[in-house]
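The block underneath contains the structure these notes are about, expressed in structure tokens.
The values are calculated or read from the model by the stated rules, or taken from the named source; none is laboratory data. Here the structure is a predicted model, which means the values were calculated and not measured. Here the Cβ positions follow ideal geometry from the backbone for every residue, glycine too, while neighbour counts run over all protein chains shown. Heads up: the accessible areas ignore ligands, DNA and RNA and are worked out on the full protein's heavy atoms, side chains in. Shrake-Rupley method; radii C 1.70, N 1.55, O 1.52, S 1.80 Å.
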Amino acid sequence: GENVGLHLPTLSVQEGDNSIINCAYSNSASDYFIWYKQESGKGPQFIIDIRSNMDKRQGQRVTVLLNKTVKHLSLQIAATQPGDSAVYFCAEIRNSGYSTLTFGKGTMLLVSP
Amino acid sequence: EPEVTQTPSHQVTQMGQEVILRCVPISNHLYFYWYRQILGQKVEFLVSFYNNEISEKSEIFDDQFSVERPDGSNFTLKIRSTKLEDSAMYFCARGGLSNYGYTFGSGTRLTVV
């Protein structure tokens, strides 16, 4: 079964460092992936997305890498800032036709000034 | 102005009582969703709603749950007889024109006592 325990993996970095958050997805049929940021008491906020026909996509200070061979997704944040502190979730959309998101377990990013 | 507004932000209810969570997804979209997040865990899909009908639902969405869009704007999630394990954050989301442009509301924290 799934491990959905209460303790999130945590990544602690210093302000200005680059951060890399990893995610393993489960379904090789998934064709669209999204990274979300969730601050305390708020809903998931879209960061960046990537389709399965791509292996890299860049945004402002963020880059998403997709490795379909090993079903791995990563989010790179350049020059991390204290405001980046949050829980980060990857999500996949399976080819169900109704765009249901399946979320990963989440990683907490803590950025120290 | 937030694109998806949820009310109330926090609701406390006694076990066995009915609750109705409300969502107002601004602008014209066809796809609406409810997700929930138990404290410290990942976001889980409950139900999707397309063209005023349920299009997909998860195992969590049992007979105690129902959704409707009574007046063409508000989108509601009803839990008929709440249980302690229904305590969670409930997020409403709307789909974008391509179904992939999810926008989440800020959530309703439901506490069942």
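Points worth noting:
- Selection within the range B:71-80 - outside any strand (DSSP E or B) and surrounded by 10 or more Cβ atoms within 10 Å (Cβ to Cβ): B:Ser73, B:Asn74, B:Arg80
- Here B:Gln17, B:Gln41 are screened, and the one residue that is more than 9 Å from chain A (Cβ to nearest Cβ) and either at pLDDT 95 or above or assigned to a loop (DSSP other than H, G, I, E, B) (or both) is B:Gln17.
- Checked against (1) surrounded by 21 or more Cβ atoms within 10 Å (Cβ to Cβ); (2) at pLDDT below 90, B:Trp34 passes all but a single condition, namely (2).
- If you filter the range A:24-36 down to residues that are within 11 Å of another protein chain (Cβ to nearest Cβ) and in a strand (DSSP E or B), you find that the one that is farthest from the chain's Cα centre (by Cα) is A:Tyr32.
- Unmet criterion (only one of (1) surrounded by 12 or more Cβ atoms within 10 Å (Cβ to Cβ); (2) at pLDDT below 95; (3) over 11 Å from the mean Cα position of the chain (by Cα)) for A:Val13: (2)
- Qualifying residue in the range B:38-57 (condition: under 14 Å from B:Val112 (Cβ atoms) and open to solvent by 10 Å² or more (accessible area, probe 1.4 Å)): yes
- From the list B:Gln14, B:Gln6, the lone residue that is polar (S, T, N, Q) and either open to solvent by less than 50 Å² (accessible area, probe 1.4 Å) or touching a Pro at 6+ places or on another chain (Cβ under 7 Å) (or both) is B:Gln6.
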